[in-house]
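Worksheet for the structure shown next.
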Amino acid sequence: MATTKTVRPGYVCADCGWTTSKWVGRCGECQAWGTVDVAAPVRTGRTQAAAVVTPAVPISQVRIESARSTTSGIGELDRVLGGGVVPGAVLLLAGEPGVGKSTLLLEVAARWARAGRRTLYVSGEESAAQVRLRAERTGAVDDNLYLAAETDLGAVLTHVETVKPGLLIVDSVQTIGSADVDGVPGGVTQVREVASAVIQRAKRDNIATLLVGHVTKDGSVAGPRVLEHLVDVVLQFEGDRSSRLRLLRAVKNRFGPVDEIGCFDLVDDGIVEVPDPTGLFVSRHEQPVPGTCVTVTMEGRRPLLAEVQALTVASSTPSPRRTSSGLDSSRVAMILAVLTKHCKINLGQLDVYTATVGGARLVEPSVDLAVAIATASAEREAAVPADLVAIGEVGLAGEVRKVSNLAARLREAERIGFRRAVVPAGSEGLDGFTSSMTITAVSDIRSAMACLGVTATS
């Protein structure tokens, strides 16, 4: 009597693609609950050699005219992309809900349409009427901008064939599903199939394509990791809900750098680019105020001035408070210990509050010296000169270490109007640097405090 072998089904996580031989309620990789479901059966077969559509040619004979980048109409986006949008390129834009992804892409679509180029905006989350209302508010209505509210992949591809756009926007890839593939829209299999089909059509018809992607709780792109490998550019749109400032970063870029950022301001009637965001993070005082110091941080290739503030008060509890906003709390605690040890500033019985201005998030070690100066200034009630910037990393031994791109930082500070700077001694890149600024080089934290008159060196 013949026996039939029972094939146990496999299970896969809809969020990250983790697989297991038995069902579990919680994914063992991303720790998400309720995302593990039966995997689609694996199709096996042997691929045979097929006819070649385009023969291989020497790389020197490949024509590149059709791959030249085209401006999107938004300078900050072009900066991040390395010059503009490349025809046939597929870009993935990810960000937190409500950060302004759809508003930004609708503005891109409008700028593209105003240049006389057809644009197709496919919305899987809103109706066409809802998108039209938003376009009326932001001034993005144009006859070259076509709208379609679809959640079926086949219908989306039909719209592409009919409109023949130069720019395709899909908002979002997790809401589009294919009837030929098992699973629900947003699942691993569905997202992979939808992305592959859209990318194939974009490459075949030379259509610049922008895909909106959801993010997980930790801020990474949701869905299978292969989605990031399939696209040409991965952009991250960031912003604090309490601030109107939005930052656009390139996580992956096959056509340009990944160390550029774009700055935008989310306003009532849409989103506008901010070519010079320095003033957002610096407050000017009529008179020097104790407990403030300005530094210059690097966001990608762009130097940005930011103000660090500190406040010290007598503690009313046995354990003094250490509160930081916009700064790395562990690094601030280290700087406070260095001040206590090497500058004889007793902070043990004081509550210390440190913060940045304008909602800036400063994580670069180059802001250490500004944090130390602001804290010492607050404790001694000695104001730091208003036209001074402090740049440098502080070590546990009290030394002030060199930072990168110092010349670019100083040029930006001089452009804004600062006339004095405290920098690490022996910094590279200052040999050919000409400036009207008074630059003071210090080797340790005690020397920095002494030259500012904040505290004594003994």
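The values are calculated or read from the model by the stated rules, or taken from the named source; none is laboratory data. Keep in mind the model is a prediction, meaning the values are calculated, not measured. Positions of Cβ are backbone-derived with ideal geometry, glycine not excepted, and every protein chain shown enters the neighbour counts. These area figures cover heavy atoms from the full protein model, side chains too; ligands, DNA and RNA do not enter into them. Shrake-Rupley method; radii C 1.70, N 1.55, O 1.52, S 1.80 Å.
Given R₀ = 30 Å, what would the calculated FRET efficiency be for residue 301 paired with residue 205, taking r from the Cβ atoms and rounding to 0.05?
On the way: r = 34 Å, r/R0 = 1.12.
That gives a FRET efficiency of 0.35.
Hey, got the dipole for region 199-255? About the Cα centre, +1 on K and R Cβ, -1 on D and E Cβ, debye to the nearest 20?
On the way: 11 positive and 6 negative charges, 16 e Å.
Roughly 80 debye, rounded to the nearest 20.
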Q. In terms of the Cα gyration tensor, with a ≥ b ≥ c the square roots of its eigenvalues, is region 288-388 rounded because a/c is under 1.5, prolate because a/b exceeds b/c, or oblate?
A. prolate
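For region 240-289, what is the per residue volume of the convex hull drawn over the alpha-carbon atoms, in cubic angstrom?
Details: hull volume 7.2 nm³, N = 50.
Hull volume normalised by residue count: 143 Å³.
Tell me, what are the semi-axes, in whole angstrom and largest first, of the equivalent ellipsoid of region 201-280 as set by the roots of 5 times the Cα gyration tensor eigenvalues?
Numbers: eigenvalues 131, 52, 34 Å².
Three semi-axes, in Å: 26, 16, 13.
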**Q.** Span per principal axis, largest first, for the Cα atoms of region 234-338 (Å)
**A.** 55, 32, 24
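Given a 1.4 angstrom probe, what's the average accessible area per residue across region 344-458, in square angstrom?
On the way: 4840 Å² over 115 residues.
Value returned for region 344-458: 42 Å² of accessible area per residue.
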Q) Remind me, what semi-axes does region 31-175 give for its equivalent ellipsoid, largest first in whole Å, using sqrt of 5 times each Cα gyration tensor eigenvalue? A) 29, 26, 17
(Q) List the Cys residues of the chain that have no partner Cys with a C-beta closer than 4.7 Å. (A) 263, 293, 343, 451
Q: Using just the helices of the chain, give the 222 nm mean residue ellipticity in deg cm²/dmol: DSSP H runs with n ≥ 4 each add -39,500 (n - 2.57), and the total is spread over all residues, rounded to 500.
A: -7500 deg cm²/dmol
Q) What does the accessible area per residue of region 230-310 come to in Å², with a 1.4 Å probe and no ligands, DNA or RNA counted? A) 44
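What does the convex hull of the Cα atoms of region 76-137 come to per residue, in Å³, rounded to a whole number? Write out the running numbers ahead of the final one.
Working: hull volume 7.4 nm³, N = 62.
Taking only Cα atoms, region 76-137 has a hull volume of 119 Å³ per residue.
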Q.
Check which residues have an amide H placed less than 5 Å from residue 325's amide H, if you skip close sequence neighbours.
A. 354, 355, 356
Q.
Report the Rg/Rh value for region 278-325, based on alpha-carbon coordinates and the Kirkwood definition of Rh.
A. 1.11
Q. Using a ≥ b ≥ c from the Cα gyration tensor of region 302-356 (square roots of the eigenvalues), is it rounded, prolate or oblate, where a/c under 1.5 gives rounded and otherwise the larger of a/b and b/c decides, a/b for prolate?
A. prolate
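When the chain is fully extended, how far beyond the present Cα-Cα distance does residue 414 get from residue 20, taking 0.36 nm per residue of separation? If you can, show how the numbers build up before the last one.
Details: separation 394, 0.36 × 394 = 141.84 nm, distance 5.88 nm.
Contour length minus the Cα-Cα distance gives 136.0 nm.
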Q | Cut-off 15 Å between beta-carbons: net charge of the residues surrounding residue 356, Lys and Arg +1, Asp and Glu -1 | A | -4
Q: Give me the percent of DSSP beta bridges within the chain that run antiparallel, rounded to the nearest 5.
A: 50
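If a/c stays under 1.5 just call it rounded; otherwise compare a/b with b/c (prolate if a/b is bigger, oblate if not). Do that for region 13-101, with a ≥ b ≥ c from the square roots of the Cα gyration tensor eigenvalues. Don't skip to the answer; put the middle values down first.
Details: a/c = 4.43, a/b = 1.33, b/c = 3.33.
Cα axes put region 13-101 in the oblate bin.
What's the carbon and sulfur percent of region 287-446's accessible surface, probe 1.4 angstrom, rounded to a whole number?
49
Taking only C-alpha pairs under 8 Å that are 6+ residues apart, what is the relative contact order of the chain in percent? Intermediate results must be reported in sequence, preceding the final value.
Details: 964 pairs, mean separation 52.8, N = 458.
12 percent.
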Q: Would you calculate the separation in nanometres between label points at residue 404 and residue 216, each defined as 7 Å from the Cα along the Cα-to-beta-carbon direction?
A: 2.7
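Of the accessible area of region 107-228, with the probe set at 1.4 angstrom, what percent is carbon plus sulfur?
Values: 2630 of 5340 Å².
Within region 107-228, the accessible surface is 49 percent carbon and sulfur.
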Q) Starting at 0 and stepping by 10 Å, how many percent of the alpha carbon pairs of region 95-252 end up in each bin? A) 11, 40, 39, 10, 0
Q.
Could you check the spin-label model distance between residue 381 and residue 141? Points 7 Å from the Cα along Cα→Cβ, value in nm.
A. 6.2
Q. Taking a quarter of the surface of the Cα convex hull of region 329-440, what do you get in nm²?
A. 7.5
Q | Using alpha carbons only: equivalent-ellipsoid semi-axes of the chain, gyration tensor based, whole Å | A | 50, 28, 21
Q: Only loop residues by DSSP count here, and only those with at most 16 other Cβ atoms within 10 Å; note down the GluC sites (Glu not before Pro) in region 393-451 that meet that.
A: 428
Q | Label point distance in nm, residue 50-residue 133, each placed 7 Å from Cα along Cα→Cβ | A | 4.5
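Please give the contour-minus-distance gain from residue 396 to residue 63: 0.36 nm per residue of separation, less the Cα-Cα distance, rounded to one decimal in nm.
Working: separation 333, 0.36 × 333 = 119.88 nm, distance 5.59 nm.
The span from residue 396 to residue 63 would gain 114.3 nm if fully extended.
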Q.
Where in the chain is the longest stretch that carries no trypsin sites (Lys or Arg not before Pro) classed as loop by DSSP and with at most 14 other Cβ atoms within 10 Å?
A. 69-216
**Q.** Amide H contacts under 5 Å for residue 444, placed H, 5+ residues apart
**A.** 400
